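The values are calculated or read from the model by the stated rules, or taken from the named source; none is laboratory data. Small disclaimer: the values here were computed from a predicted structure and weren't measured. Backbone-built Cβ (ideal geometry, glycine too); neighbour counts: all protein chains shown. Note: accessible area is taken over every heavy atom of the protein model, side chains too, but ligands, DNA and RNA are not part of it. Shrake-Rupley method; radii C 1.70, N 1.55, O 1.52, S 1.80 Å.
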Amino acid sequence: MIKTILIDDEPLARELVREYLRDFPQVEVVAECNDGFEGLKAIQQHQPDLLFLDIQMPKINGFEMLELVDKLPQVIFTTAFEEYALRAFEVSAVDYLLKPFSKDRFAKALQKMLERSSGINPDLLDNAAREMPMQQNRVVVKINGKIKIIPVLDIHYLEGADDYVKIITAEGAFLKNKTMTFFEKMLDPQQFIRVHRSYILNVTQITRIDPYEKESYLAILRDGSKVMVSKTGYPKLKEVLGL
């Protein structure tokens, strides 16, 4: 049996998927979820082979939810928004069903999944999923099994820490299993500047910039923190600040 979970905040949409699945007795629905938080719990509990996943949902969206899943199953997106299609295939989704989708279109997506699975289970989505785009207005992190949503405006700076990035806010530091390059690409380049190999700085937090040594500088932040600015990072910072 192929275990699947339906994650969608619209009960009628889940009902339609369940109805269409009657033609596929090898697929078993093990859970239905109203939002991404419920989806995460169900995935941890059931370890499904396949998700039918909406994108726009309360609390966290479908992409953010996938980012928090340790072992990714196959995914068929079901959404009313066509603008996310490219992003969906960037995370190696099996298919992208645009609501309202027909029974024939649904069957084609299932057939594609069955042809692709050939044994189902290992890590069926490639590493591109680990680098999926996030919304630029927030970052989602896990802390002791709990989920925290950090508004981007609350970030003071980011610091590279081995295989993680340390996100510094007024509440403290939070680790995210991403790269500095990922954040450099995804955050607003007019607000977050890569001032050093190990630092991305929120320019709104700067109170002054002091010379340091060997043509480097220190950015002094509102909370008193000091962030190193390299020789190559300084011109980028000056340009954004209009200096």
Exercise for review: Rank-order 149-160, 201-212, 232-243 by packing density, defined as the average count of other C-beta atoms within 10 Å over each peptide's residues, highest first.
Suggested key: 149-160, 201-212, 232-243
**Study point:** segment 2-131, dipole about Cα centre (Lys/Arg Cβ +1, Asp/Glu Cβ -1), debye to the nearest 20
**Key:** 320 debye
**Study point:** Calculated from backbone phi, Karplus (6.51, -1.76, 1.60) coupling profile of segment 237-242 in Hz, x at Gly/Pro
**Key:** 5, 4, 5, 5, 7, x
Practice item. Classify segment 137-187 as rounded, prolate or oblate, taking a ≥ b ≥ c as the square roots of the eigenvalues of its Cα gyration tensor: rounded when a/c is under 1.5, otherwise prolate if a/b is larger than b/c and oblate if not. Key: rounded
Exercise for review: Taking only protein heavy atoms into account and a 1.4 Å probe, give the accessible area per residue of the chain in Å².
Suggested key: 52 Å²
Check your understanding: Taking Cα pairs under 8 Å and at least six residues apart, what relative contact order does segment 2-131 come out at, in percent?
Key -> 22 percent
Point to revise | segment 22-27 - phi-based ³J(HN,Hα) in whole Hz, Karplus 6.51/-1.76/1.60, Gly and Pro as x | key: 4, 7, 10, x, 6, 9
Study note, to complete from the structure: Of 66-78, 214-226, ordering from highest average Cβ density within 10 Å down gives 66-78, 214-226
Check your understanding: How much of the accessible area of segment 2-131, in percent, comes from carbon and sulfur atoms when a 1.4 Å probe is used?
Key -> 49 percent
**Study point:** P(r), alpha carbons of segment 2-131 - 10 Å bins starting at zero, rounded %
**Key:** 13, 51, 34, 2
**Study point:** Relative contact order (%) - the chain, alpha-carbon pairs under 8 angstrom, separation at least six
**Key:** 10 percent
Practice item. Would you compute, from DSSP H runs of 4+ residues alone, the mean residue ellipticity of the chain at 222 nm, taking -39500 (n - 2.57) per run and dividing by the full residue count, rounded to the nearest 500? Key: -7500 deg cm²/dmol
